[in-house]
């Protein structure tokens, strides 16, 4: 019963829509009505700016980290319990009970799960993500392709429980990015103002 309550708490924690709360509380904006309509970090940066975007990034990572560590706080240390609790926080972010079971794409929250479970591999995953962002200039590409590379890289740690968990997360992330995949194929996906693709497009557009 105790572990079940911790799992429920992890889901509720992951369900907290940081971007929506900060947008409404401090900027009188519902970020779901602007930009991509997403509640996560990227759209918060786009709609509200760097400071609130950074705050939402940190809060969404912490949701995953705290959700993963809840079993430890309750006296349970089995690795599989940490991963189950972590993925429930991710599901909460994607399908928030506070937003009628809608939500974000859970990239930051998934990273937070890794931070709580294996901080060393968290740093490797962040490095993979940043490299792909710098090459593609697209957060969506970094999220989709990066999730696959993270799964493959995790095999080096020989923690097959973690690898299985990451494979599930990758499948969820790719599914949540299905609209982005269509835009990428059509060549109209949004890009960030840095990176290789951004520089090439800028150079191509210059007279």
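Taken together, the values in this text are just the output of simple stated rules run on the coordinates, not laboratory data. As the structure is a prediction and not an experimental result, all values here were calculated from the model. We place every Cβ from the backbone using ideal geometry, glycine too, and count neighbours over all the protein chains shown.
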Residue satisfying condition, being under 29 Å from residue 190 (Cβ atoms) and in contact with a strand residue (DSSP E or B) (Cβ under 8 Å, 6 or more places away or on another chain), within set 112, 103: 103
Taking helices (runs of 4 or more DSSP H) that do not extend beyond the range 1-87, which have at least 2 residues that are at negative phi and surrounded by fewer than 20 Cβ atoms within 10 Å (Cβ to Cβ)? 2-15, 18-27, 50-73
Mind checking which residues of the range 146-171 are crowded, with 16+ Cβ neighbours inside 10 Å and out of contact with any helix residue (DSSP H, G or I) (no Cβ under 7 Å at 6 or more places or on another chain)? 159
